[in-house]
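In what follows, a structure is listed as structure tokens, so that the remarks can point back to it.
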Amino acid sequence: MSALSINDLHVAIDGMEILKGFSLEVPKGEVHVIMGPNGSGKSTLAKVLAGHEDYEVTQGTVEMDGVNLLDLEVDERGREGLFLAFQYPTEIPGVSNANFLRAALQARLPEGEDIDAVAFYKNLYEKMDALEIDRSFTGRSVNEGFSGGEKKRNEILQMIMLEPTYAVLDETDSGLDIDALQIVAKGVNTMRSPARGILLITHYQRLLNYIEPDYVHVMFDGRIIRTGGKELALELEKKGYDWIKEKVAVPAG
Amino acid sequence: MSEAVLERGETLAGEGLIFNERPNLDRADWPEWFVSGQDRAWEEFQKTPMPKRTAEMWRFAHLKKLDDLKRYRHAPEVGADLANQLAGRSRRLEEVSGRMVCANGRTISLDAPEESGVLFLSMQEALITHPDLVEKYFMLRKAELGGHKFAALHRAVMAGGVFLYVPEGVELKRPLEIYHWLSGTDVAVFPHLLLIAQPNSKATVASYHLCADDDKDAGLSIGMTDLIVGEGADLSLVSCQARSAASRMIQLSAASVYRDGNARNFMFNLGSSWVRNEIVSYLLEQGANSEMYSVCVSDGEQQVDQRTLQHHEAPNTTSDLLFKNALYDRSRTIFAGLIKVDDEAHGTDAYQKCRNLLGSDEAEANSMPGLEINADGVKCSHGATTSQVEEEELFYLESRGIAPETARQMIALGFTREVISRIRDTALEEIVSGMVEEKFEALGA
């Protein structure tokens, strides 16, 4: 039961079905990668796992270590140990990164218990240094005026600070130059642990030059159509997504 | 809380009512010009009619609130015990250049700044010791945004307040703190701030309007502020109004800014059931700059009515205005702002922005930005927006485990931060931020 288990998930937005019987199990200790062309439903999967209200689950189950995730509110899922690194992190004007992270950690403490501010900053600065994030970052508003790379690094920083049990990274690699990509990959690799499951959603193979996945899944038209090892990603890179689309199209006809 | 219901047009009988009689002031040592000015103002107050519903300057205002003002009496002196207690509670900033504590209009404690030549006195004393300086700068311009009747009343009965004179070239290293405590029910105070920054001087003043006992006290404040900003001087006033929910306030403020001077006027409205602010700046000489900032967090049935004027009278002057209102429950705000550029004021740069954040479907934000431009080569922009907390911002915070109520509060507090950060004094920013945060926390309670 120590897994993020998605079973026969059907999800619609504005009445249009996007996920069409999606199933996947990410056990603790493993890194899974989902690849797929644009429009295959990758980001919908990420949003629906986090509990975005625009998406309607019409069928299927999602369990996290046996807990029915779909019964939980967005914030409850976060506290339960799920983390979503956003493809497009939201800007929150006037809320500083330090206050934001503090509030998120505070939310995980029992009522009446307060965060030790000194320990918090010590920990935060350590993690920021590892991700090569400047100190002035703590006082800046969350994601406001950040470059694409800064936003993605901020997502990784949050993940490291919040120590989730399951992390879903939605195209965290897109829009990054090679230096930023390496830093992000380093962050993800330090998070690898027998106590944690990681699901990477990506459009490109290049992230996998730095992160060794246990499994690669190919997603198309709302479900997984192929599963393999790292070599599957390389094959996709070489042959392109049309190759997969054709393979799907044949049995359908 | 006493909530005597007054029918429209009815007048209460009894002693000490502010609309009927003036307090017994000891005016023997005050200059003749001031005393006769008071007498004339009392006549003017008596013959000036109450604002009419049809008056543009009172558009959207609930004028019934004005009739309620008739039930207030002149605030009596507070007892020695309470005065001591309040003086002890008047310490928000750790380090200040000076501190004055007023209770029901009387100065009860004063720490004067050490900088040479700085005058930091009660208005009563300034009238006796520096009558010429007061005369030169006191209430120079007529209230022109609708509140002249109340300006006349203020002028007629005013006895308390603060006089600050910063001599040429003197910079106050730390802010001055001024406390306006109010104690009692249905009592009225008339605080006056006369702040004078001589050429190339610099000062920041924090002014708090508070109730001694938020559960019991309910009063009215009709206050006025004169900011005189000399050539190259820099004067900031940060006013925080956090009175009890049953209090009321009329606050009229005017800044006169001379060559290359810089006036910064902040208003934080957190308490009181009804507030009327009239805030004016006069850009009188080349290079003069004025900044007006406001944050209002309103809930319950609160009404905050703000009228502003940025009047560019000289060429190459600049002004900026940023007002932010966060509204909850059935509260209402009114913002009516005018940028006026005179014929000769070429090269004016003037901006005005009012942003409303609606935290409830029943709250009502009225915005009336306005421009009146009579010169060439002028850059002006104005705008008002009203929105709700963005769902995507909430989703982001909540996905990190933050409860929805906390997330909403954080976003609303963040909304006000843009104004708070303009104070540019870290310690004072923290004080103000704490007061705003307290108000947001009380909303959830």
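Please treat every number below as a calculation from the coordinates, not as lab data. Here the structure is a predicted model, which is why all the values come from computation and not from measurement. Cβ atoms come from the backbone with ideal geometry, glycine included; neighbour counts cover every protein chain shown.
Among the listed pairs A:Lys42/A:Lys247; B:Lys70/B:Lys324; A:Lys122/A:Lys151, those whose Cα-Cα separation exceeds 27 Å are B:Lys70/B:Lys324.
Taking packing as the residue-averaged number of other Cβ atoms within 10 angstrom, the listed peptides B:85-97, A:209-221 run from highest to lowest as A:209-221, B:85-97.
Hey, got the average number of other protein chain Cβ atoms within 10 angstrom for residues in A:88-99?
5
Within 11 Å, Cβ to Cβ, of A:Asp8, how many net charges do the neighbouring residues add up to if Lys/Arg are +1 and Asp/Glu are -1? Here the charged neighbours net out to +2. From least to most packed, judged by other beta carbons within 10 angstrom and beginning with the fewest, B:Arg53, B:Arg248 follow the order B:Arg53, B:Arg248. Sorted fewest first by neighbouring Cβ atoms within 10 angstrom, B:Val101, B:Val205, B:Val297 come out as B:Val101, B:Val205, B:Val297. DSSP bridge analysis restricted to the protein assembly as shown gives an antiparallel fraction near 20%, rounded to the nearest 5.
How many angstrom lie between the Cα centre of the range A:56-125 and the Cα centre of the range B:297-345? Here the two parts' Cα centres lie 38 Å apart. Where does the charge balance sit around B:Pro199 when Lys and Arg score +1, Asp and Glu -1, over other residues with C-beta under 10 Å from its C-beta? Every neighbour counted, the sum reads -2. Other residues lying with their Cβ under 13 Å from the Cβ of A:Thr190 contribute a combined charge of +1, Lys and Arg counting +1, Asp and Glu -1. Charging the Cβ of each Asp and Glu at -1 and of each Lys and Arg at +1, and nothing else, the dipole of the range B:32-285 about its Cα centre rounds to 1100 debye. By the beta-carbon count within 10 Å of each Cβ, the least crowded to most crowded order of A:Tyr241, B:Tyr328, fewest first, is A:Tyr241, B:Tyr328. Loop-resident GluC sites (Glu not before Pro) (DSSP state other than H, G, I, E or B) in the range B:369-427 with no more than 15 further Cβ atoms inside 10 Å of their Cβ: B:Glu390.
Legend: residue pairs B:Lys64/B:Lys216; B:Lys142/B:Lys216; B:Lys353/B:Lys439; B:Lys173/B:Lys379, Cα-Cα distance threshold 28 Å; pairs beyond threshold, B:Lys142/B:Lys216; B:Lys173/B:Lys379. For the range B:101-162, applying the loop criterion from DSSP together with a ceiling of 13 other beta carbons within 10 Å to the trypsin sites (Lys or Arg not before Pro) yields B:Arg141, B:Lys142.
Based on C-alpha pairs under 8 angstrom that are at least 6 apart in sequence, chain A has a relative contact order of 28 percent.
Relative contact order, whole percent, for the range B:301-357 stands at 50, derived from Cα pairs under 8 Å and 6 or more residues apart. Mean separation of Cα pairs under 8 Å and 6 or more residues apart, divided by the residue count, gives the range B:390-445 a relative contact order of 30 percent. The phi-based Karplus calculation (6.51 cos²θ - 1.76 cosθ + 1.60; θ = phi - 60°) puts the 3J(HN,Hα) values of the range B:171-184 at 10, 7, 5, 10, x, 9, 10, 10, 10, 10, 8, 10, 9, x Hz, whole numbers, x for Gly and Pro. Remark on B:Phe266: its backbone amide H falls under 5 Å from those of B:Leu237, B:Val238, B:Ser239, B:Tyr293, a criterion applied only to residues 5 or more positions apart or on other chains, H modelled at 1.01 Å from N.
Between the Cα long axis of helix A:97-106 and the first principal axis of chain A there is an angle of about 80°, rounded to the nearest 10.
Separation of the range A:174-209 from the range B:351-368 is 43 Å, based on Cα centroids. A cut-off of 5 Å between modelled amide H atoms, ignoring neighbours fewer than 5 places along the same chain, links B:Gly287 with B:Asp260, B:Thr317.
For the range B:367-378, putting each phi into the Karplus relation 6.51 cos²θ - 1.76 cosθ + 1.60 with θ = phi - 60° gives couplings of 10, 9, x, x, 10, 9, 10, 10, 10, 9, x, 10 Hz, in residue order, rounded to whole numbers and with x for Gly and Pro.
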